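Take a look at the structure below.
Every number in this text was worked out from the coordinates using simple rules, so none of it is lab data. None of the values given here were measured: they were computed from a predicted structure. FYI the Cβ positions are ideal-geometry reconstructions off the backbone, even for glycines, and counts take in every protein chain you see.
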Amino acid sequence: MLTISNHSRDSAGLTYVYPVLSRRAGGLSVGINLNTNNACNWRCVYCQVPGLIRGNAPAINLDQLERELHAFLDEVLHGDFFAVNRIPAENQMIRDIAISGNGEPTTAREFPEVIDLIGRVITELGMAGQIKIVLITNGSFVNRSIVQKGLVRLAELNGEIWFKLDSATRAGIKKINGVSISVDSVRRNLRTAVRLCPTWIQTCIFSLDGLPTPNAEREAYIQFIEGLLYECLPVRGVMLYGLARPSLQPEAARLSVVAGEWMDQFAEQIRQTGIVVKVNQ
Ligand code: SF4
């Protein structure tokens with residue numbers, strides 16, 4: 001049975017499509033997992049992917065993905081999915097389709113075709129323009145032309161990007177995301193994303209070895225946001241979220257949830273820059 005905390009990628013018995021009854025989404029989120037090999041080009045300390053390995057998504061069977069998505073959405077819309085899974089009445093709605101799985105989805109070579117097929121399926125089912133499509137990404141492949149092609153199509157489909165930014169320092173990115181990239185390249189990719197599709201910044205907040213985000217890191221983050229606003233980059237806002245589920249990485253024991261009050265204070269500090277901030281504890 002699905003519960004509010006059941007995010008298992010195979011709970012519907014499908015390869016690419018999985019249901020998530022998410023507090024964050026406030027209803028049923030239909031997930032699309034392109035990284036069936038549990039491979040990501042990053043290695044975040046809080047990552048909840050089991051058996052995470054470095055790498056890219058495997059070749060995608062587009063026909064199978066399209067069949068699965070069509071059949072699953074059709075079942076939710078016209079079958080007894082909600083009743084069978086005893087989903088409470090207030091959550092009996094499809095909030096979004098989330099391209100988010102066991103790794104970075106934009107590493108899939110077929111990424112633009114995946115967006116195209118989502119567009120076809122929701123059009124066939126009369127959901128076009130009525131359902132939000134969210135791409136959850138670390139943003140590191142946004143400089144690639146095939147990814148940009150997909151992002152343009154995503155914007156046409158009422159989609160949005162949730163762009164990961166856990167630190168605005170090179171050292172912080174290395175420590176949290178396990179990757180050596182400059183803050184300038186993150187900024188460049190974010191600019192490109194915003195130019196192509198509505199984009200939110202998504203930031204995971206947690207304590208490491210009992211300490212929440214250090215002052216210097218918070219200041220760098222605020223300066224980064226101020227810089228975006230200074231250049232009038234129309235970022236939709238910032239979403240702060242806590243550790244909803246335990247990390248499945250070796251650092252798991254060093255991570256803990258920050259107090260709600262601490263998170264709210266940091267959110268307020270970010271709001272002072274003038275940007276919209278949402279908090280999901
Ligand atoms: S980018 Fe996402 S999938 Fe990749 S390691 Fe980080 S949290 Fe895991």
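Quick notes on this structure:
- The sum of -39500 (n - 2.57) across all DSSP H runs of n ≥ 4, divided by the residue count of the chain, sets its helix-only mean residue ellipticity at 222 nm to -10500 deg cm²/dmol.
- Unpaired Cys in the chain, meaning no second Cys C-beta under 4.7 Å: Cys40, Cys197, Cys204, Cys232.
- Isotropically averaged projected area of the chain, using the convex hull of Cα atoms (one quarter of hull area), nm²: 13.9 nm²
- Between the range 168-227 and the range 88-164, the Cα center-to-center distance that results, in Å: 22 Å
- Average Cα contact separation per residue, the range 19-93, under 8 Å, 6 or more apart, as relative contact order %: 29 percent
- Percentage relative contact order, the chain, counting C-alpha pairs under 8 Å, at least six apart: 17 percent
- Eligible lysines near Lys175 by straight Cα distance, threshold 21 Å, same-chain separation 8 or greater: Lys164
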